[in-house]
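The values are calculated or read from the model by the stated rules, or taken from the named source; none is laboratory data. Being a predicted model, the structure only gives us computed values, none of them experimental. A quick note on method: Cβ atoms are made from the backbone with ideal geometry, for glycine too, and the neighbour counts reach across all protein chains shown.
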């Protein structure tokens, strides 16, 4: 820490030739580093990456945000059950619609007042442009521009297509950001009515931070919007987000104090930094997310449920926890009682039992098995140890496995083909409901995330019941039902619920875990 | 033969560094030939003690999955030498022949070969290697092919330049008068006389081939783990340096450096031996 | 001379055509499916097919090539998937960073390697020769990314005398007003010594890493060709005629020895711009090398194509300059082509 401070101290000495380059007060600037930066400032843009969500989240307002609660470790955690005002001061929820009262003093960064017209333009854009944003809006039954009505300048109504308990939470996620429609319409063209091109590198936002400088691939610098009214004014005045491709360097920068915060390192680094206690390391289990082993039930021998169950008992769970993820995860195996509640993720009843695995394999009558285990090379840090450990373990019960490393760029394409017999993969859903997870991963609609090509009418029925059931007892029964079925049929073997790890300087407080797994600068404080 | 050996002994005795390089090279050859059979542990087998520092049990320590680094370093010699020899053979063979043909015959030879060389040279060489391996898949064959292709122009260019200069020399004219055909002149007069400069290049290319493979591994386009290859061991181990586990990258890095070092010094020594102007 | 230049330019066209074709083929053969990327994480097979048609990726390779060349003729290099920016614009803004770094590395390398090679050649097989050889060779024997990481570890992490490897300029400085794009030049033009020093500080370690790697070929070639030159007839004659040692070494021997060295310099510069790619990754340097590598790994082919084409044009110019230099230094080289 000393050397870094000394360097900036020296730079802050007044020099006769220096023009405006004096160091900003270190306490008011947050230096964040990561491997990749935002590839767009437009959340609704094509192929916007994860860091782009972080950018959008901090520079735009949404109608509502989520409240906060404490997690079991005492850290701040967004509360998905509690919606809080942001751009909307209050709202009136009726069975067929919800009416928002927008605050009257909100202005965009260019000074124009925020009105309901802007909200409608932004929402129309979100459901029209296609790709991921439209898909996410649809998850909450937000599908048609006709649903969005600007009643007057400060009143905005959303009409529901159907009763969907996910509609309100869906209005608080990253996608329905409120964009300055005046600027947008100015730069729209006939071929590009939503100004998608202009928005790639420009922004017309009104959130707590504005973009001071954006060099894609290198850095992005934010400055606080001192006129922000949609929430308490953030403490940090300036955020510099730099791209540092080498993970060893990211760690060195943090440990020397030249960077403040980073969530982009290997589990091993976080485990070691947490043990060393010089930096603050916060690990939060990622909601509704699981790392799992998937078996394609249409590809023999994985169409045989006994084979699948045998493999479930052959997985070296503990070794994977230690060697792949250094215990920076919640184990999701070895439950004493199967499907005991309606929480998700929850532990499966499987544990490492080679004898049981051999027995089940013999009972299955499958004979000698030789198969291919595939994983996403883009996430090799975690996937590779898992692959090697599983290869060893399966060999013990007589299954020969060869390893197929799929380059990151190809992984999604390969998943879509649904040809891979045995894989490891991870999936997490933004909306923290078990039926949401199961809808994408186990439902017979065979979405891309149902990597096992699993189809079961019984499962579909239980999922549909849970999605639309309003009675609490019946809902719980449905959830327990589909979880138990997932264990009985076991097309997918859960391994663990990964942590979202963040490392920061000890003087930084206020970190809050968000469902988008990126940083929200508005709550952070330095020193 | 006797005088050649005597000459070799003279050169070696004269130059201690060259002698040292020859000694190292001999040692490496032995390691490459029998290495995989004499190592204490299986280079590909995971072990129960990951990240163990060097000890009496594991001389070079273990890596993140418990593999013995000493065994892997010795076993890797075979693969790295194979890559080096194969790439150099390809580049040297094709490049030298093409270059002297272009330099000596001129005309269409020079034009076509010149264009080929220029096309390859117009690419940033490492990026071309990256591109070839990325497009064709990272197998050892493709790595050798890519390395051979990107080194072809160096040989061709230098060979052409030298042949261009030499073709007007007196002894060439004399050979023509003596009735030697053009091709015979090419192989018996031109080729030996450009060898000193070419041989220097060979040593560098062998070293570069190994370093190229290491660079490709760093960006994920090298050989696939768990193959034991110096470059990928260094690039994997580089992530552990900051955490204090220096041995994972240091030992393969050291051996890699020694090997490349030895190739480079070897080239100098060979040149001293072959250069006719240094013979007394 | 002029006619030679024009002839060389004309003869460079086939190789440029070759480059365009090879680049197109290689990048089309890259793994990955841009259509799947654009369609988003939850897209169905049909959605991806739609996007594929929209992007023109369903056309045959021949048709795609024609489209590609047409776009090139208009100066359009396409857009990057990962940054969303036009490739041409990004290359232009990032090029000065790479050139500044490479030039500095090369200058350092020449400044150290040529004298090393000369000294070694003047006293062959002495301890001077050995030491020179060992120094030069050691530099090139380690993988360049390892050297870079090692330097960061020693000078930044352990000793704290080097600045953090965060790119061209520290977090708290604004880049100088853009004139040439070279921070060293622009900051002086701005009259801003603070920024100049900050930029120098950031340049030292990466330039050293590059330079160390280039020492060996230059020193080696200098030594080898100096040895050839020193033992040649004209040098013996010069010595016998009683010319001073300095004049013999520099005026006669070195000048003649420079020819192969110049060849090597050209290759070293081109090879440094390739090795740049690794150094830029290690030092988070925002040049075209890191740009191309990030794109290559994500199978984002437009930036890779653009990068290679820009490089190709630069090298044609560079090779031409070298050939002209050849002719100036050694009139024996036939100009018949």
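Of note:
- Failed condition for residue A:53, given (1) surrounded by 23 or more Cβ atoms within 10 Å (Cβ to Cβ); (2) under 30 Å from residue C:295 (Cβ atoms); (3) at pLDDT 90 or above: (1)
- Tally of residues being modelled with pLDDT of 90 or more and outside any helix (DSSP H, G or I) across region A:468-505: 16
- Test: residue in region C:123-135 that is touching a helix residue (DSSP H, G or I) at 6+ places or on another chain (Cβ under 6 Å) and within 14 Å of chain A (Cβ to nearest Cβ): no
- Some residue of region A:334-353 being more than 14 Å from chain C (Cβ to nearest Cβ), surrounded by 15 or more Cβ atoms within 10 Å (Cβ to Cβ), assigned to a helix (DSSP H, G or I) and more than 24 Å from the chain's Cα centre (by Cα): no
- Answer residue from region C:69-80, given it is under 15 Å from residue C:16 (Cα atoms) and in contact with a helix residue (DSSP H, G or I) (Cβ under 8 Å, 6 or more places away or on another chain) and is modelled with the highest pLDDT among those: C:69
- Residues that are over 29 Å from residue B:126 (Cβ atoms) and surrounded by fewer than 19 Cβ atoms within 10 Å (Cβ to Cβ) are absent from region C:294-316 altogether.
- From the options A:481, A:507, residue that is surrounded by fewer than 22 Cβ atoms within 10 Å (Cβ to Cβ) and touching a strand residue (DSSP E or B) at 6+ places or on another chain (Cβ under 7 Å): A:507
Yes or no, residue by residue, for (1) farther than 27 Å from residue C:265 by Cβ; (2) touching a residue at least 12 places away in the same chain (Cβ under 8 Å):
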{"position": "C:115", "(1), (2)": "no, no"}
{"position": "C:134", "(1), (2)": "no, no"}
{"position": "C:150", "(1), (2)": "no, no"}
{"position": "C:153", "(1), (2)": "yes, no"}
{"position": "C:183", "(1), (2)": "no, yes"}
{"position": "C:189", "(1), (2)": "yes, yes"}
{"position": "C:194", "(1), (2)": "yes, yes"}
{"position": "C:200", "(1), (2)": "no, yes"}
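- Checking every residue in region A:506-525 against the condition of being over 22 Å from residue A:287 (Cα atoms), in a loop (DSSP other than H, G, I, E, B) and in contact (Cβ under 8 Å) with a residue 12 or more places away in the chain gives at least one match.
- Complete set of residues in region A:148-164 that are in contact (Cβ under 8 Å) with a residue 24 or more places away in the chain and surrounded by fewer than 20 Cβ atoms within 10 Å (Cβ to Cβ): A:149, A:150, A:151, A:152, A:153, A:154, A:155, A:157, A:159, A:160, A:163, A:164
- Within region A:205-224, the set of residues being part of a strand (DSSP E or B), away from chain C (no Cβ under 14 Å) and buried (at least 22 other Cβ atoms within 10 Å of the Cβ) comprises A:209 only.
- Being out of contact with any strand residue (DSSP E or B) (no Cβ under 7 Å at 6 or more places or on another chain), closer than 12 Å to residue B:212 by Cα and in a helix (DSSP H, G or I) holds for only one residue in B:132, B:112, B:143, B:120, and it is B:143.
- Given (1) at pLDDT below 75; (2) more than 15 Å from residue C:147 (Cα to Cα); (3) assigned to a helix (DSSP H, G or I); (4) more than 21 Å from the chain's Cα centre (by Cα), index of the condition residue B:280 fails: (3)
- For the condition closer than 30 Å to residue C:176 by Cα, within 14 Å of chain C (Cβ to nearest Cβ), at pLDDT 80 or above and buried (at least 16 other Cβ atoms within 10 Å of the Cβ), residue A:23 does not qualify.
- Selected residue (criterion: surrounded by the most Cβ atoms within 10 Å (Cβ to Cβ)) from residues of region B:52-67 that are at pLDDT 80 or above and touching a helix residue (DSSP H, G or I) at 6+ places or on another chain (Cβ under 8 Å): B:62
- Residue count for region B:184-197 under the criterion of being buried (at least 21 other Cβ atoms within 10 Å of the Cβ) and within 11 Å of chain C (Cβ to nearest Cβ): the result is 1.
- From the options B:96, B:119, B:147, residue that is touching a helix residue (DSSP H, G or I) at 6+ places or on another chain (Cβ under 8 Å) and free of Cβ contacts under 8 Å to residues at least 60 places away in the same chain: B:119
- The lone criterion from (1) part of a helix (DSSP H, G or I); (2) more than 7 Å from every other protein chain (Cβ to nearest Cβ); (3) modelled with pLDDT under 85 left unmet by residue B:239 is number (2).
- Test: residue in region C:26-43 that is within 30 Å of residue C:181 (Cα to Cα) and either within 14 Å of chain A (Cβ to nearest Cβ) or modelled with pLDDT of 75 or more (or both): yes
- Evaluation of residue A:404 against the conditions (1) part of a strand (DSSP E or B); (2) without any contact (Cβ under 8 Å) to a residue 12 or more places away in the chain shows that the sole unmet condition is (2).
- Per the conditions (1) more than 8 Å from chain B (Cβ to nearest Cβ); (2) under 17 Å from the mean Cα position of the chain (by Cα); (3) in a helix (DSSP H, G or I), the sole criterion not satisfied by residue C:284 is (3).
- Check on residue C:258, within 11 Å of chain B (Cβ to nearest Cβ), in contact with a helix residue (DSSP H, G or I) (Cβ under 8 Å, 6 or more places away or on another chain) and in a helix (DSSP H, G or I): no
- Looking only at residues of region A:225-249 that are in contact with a helix residue (DSSP H, G or I) (Cβ under 7 Å, 6 or more places away or on another chain) and closer than 17 Å to residue A:510 by Cβ, we find that the one that is surrounded by the fewest Cβ atoms within 10 Å (Cβ to Cβ) is A:231.
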